[in-house]
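Read through the structure below, which is laid out as structure tokens, and then see the notes.
The values are calculated or read from the model by the stated rules, or taken from the named source; none is laboratory data. Fair warning: this is a prediction, and the values are worked out from it, not measured in the lab. Because the Cβ atoms are built from the backbone with ideal geometry, glycine has one as well, and the counts that use them run over all protein chains shown.
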Amino acid sequence: MTRRFLILCFAVGLLALGGLNAQAGQISLPATLDNFVPPPATNNAPPPGGNYAIVGGNLEFSEFTYSATSSAGGTPPPAPSGVTVAAFTSVPGETGIFSEKSGFHAPVNTMVDYSITFQVTALSGSITDAYLLVNGGSSGNGTFLVTEAITNAANGAALMPPASLNASDSGVPVVSSWSGVTSISVTKDIFLDGGTTGTGSTVSIVEQGFSSIPEPASMALLGIGLSGLFTLRRFLKRTSVA
């Protein structure tokens with residue numbers, strides 16, 4: 001009976017700690033954006049898709065899109081392979097991603113517009129807020145504007161007024177909160193005006209975090225799993241001594 005209980009607890013522990021991460025299509029971070037954005041269809045076949053990343057064990061990031069345009073004569077904007085996505089865990093309570101291209105950049109006398117969308121889903125519980133921080137600046141009279149809209153992925157309802165950060169907001173985080181929802185859609189636009197003096201305008205990094213509240217049942221399952229692992233360890237220790 002004891003051996004059967006230990007085996008059951010061990011199985012539950014493995015499920016609680018990592019079973020959800022074994023799904024196909026999961027990408028380990030850091031990774032470039034082309035791992036998430038499907039390439040164009042070829043030979044009349046639909047493009048592959050469905051890749052996602054899990055951060056903090058509970059937030060799934062998926063459904064990425066990316067586009068970039070520049071004014072005539074400007075430097076061609078980077079392809080998705082030139083944009084890095086990494087896990088963001090530096091702020092307590094906020095788990096998410098950050099993206100960078102060694103600087104989203106608009107040279108002098110040029111304007112560049114980047115658009116990134118993605119979906120965030122709580123594997124357990126709900127998402128209750130968004131944390132946004134932008135770092136960037138200009139060596140001359142250039143500027144930038146980062147806007148973000150977040151909606152409930154289930155019905156498209158806006159969860160907050162669109163957030164807007166410009167060059168004067170660099171390094172200052174903005175946090176917006178709402179009643180918890182399971183999944184959200186994020187639309188982010190990064191517009192840079194290189195100005196007429198200096199070397200242009202740059203956004204070096206965009207940090208994006210979210211708070212999620214796990215379901216009580218999931219926390220109980222995790223506790224049972226950890227308890228089973230601890231009990232198994234004690235059982236194996238006694239067996240080895242005997």
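Quick check: anything in region 138-148 in a loop (DSSP other than H, G, I, E, B) and under 27 Å from ILE54 (Cβ atoms)?
Looking through region 138-148, none of the residues is in a loop (DSSP other than H, G, I, E, B) and under 27 Å from ILE54 (Cβ atoms).
Residues being at pLDDT 95 or above and within 18 Å of the chain's Cα centre (by Cα): count how many of those fall in region 155-176.
Looking only at that region, the number is 1.
Does at least one position in region 109-117 carry a residue that is under 13 Å from the mean Cα position of the chain (by Cα) and of a type outside the set (Ser, Thr, Tyr)?
There is at least one residue in region 109-117 that is under 13 Å from the mean Cα position of the chain (by Cα) and of a type outside the set (Ser, Thr, Tyr).
Could you please give the count of residues in region 89-136 that are more than 29 Å from THR182 (Cα to Cα), among the hydrophobic types (A, V, I, L, M, F, W, C) and surrounded by fewer than 22 Cβ atoms within 10 Å (Cβ to Cβ)?
Residues that pass the stated criteria total 2.
I'd like to check something: does region 186-198 contain any residue that is modelled with pLDDT under 95, surrounded by fewer than 19 Cβ atoms within 10 Å (Cβ to Cβ) and on the phi > 0 side of the Ramachandran plot?
Yes: one or more hits.
Condition check ((1) aromatic (Phe, Trp, Tyr); (2) in a strand (DSSP E or B); (3) under 20 Å from ALA68 (Cβ atoms); (4) in contact with a Pro (Cβ under 9 Å, 6 or more places away or on another chain)) across all residues:
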{"position": "THR128", "(1), (2), (3), (4)": "no, yes, no, no"}
{"position": "SER176", "(1), (2), (3), (4)": "no, yes, no, yes"}
{"position": "GLY195", "(1), (2), (3), (4)": "no, no, yes, no"}
{"position": "THR202", "(1), (2), (3), (4)": "no, yes, yes, no"}
{"position": "GLU207", "(1), (2), (3), (4)": "no, yes, yes, yes"}
{"position": "SER212", "(1), (2), (3), (4)": "no, yes, no, no"}
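Kindly indicate which of SER168, SER164, SER99, SER115 is closer than 21 Å to THR202 by Cα, in a strand (DSSP E or B), hydroxyl-bearing (Ser, Thr, Tyr) and without any contact (Cβ under 8 Å) to a residue 40 or more places away in the chain.
Only one candidate qualifies: SER164.
Go through (1) over 18 Å from VAL206 (Cα atoms); (2) under 11 Å from the mean Cα position of the chain (by Cα); (3) at pLDDT 95 or above and name the single condition GLY56 misses.
It is condition (3) that GLY56 fails.
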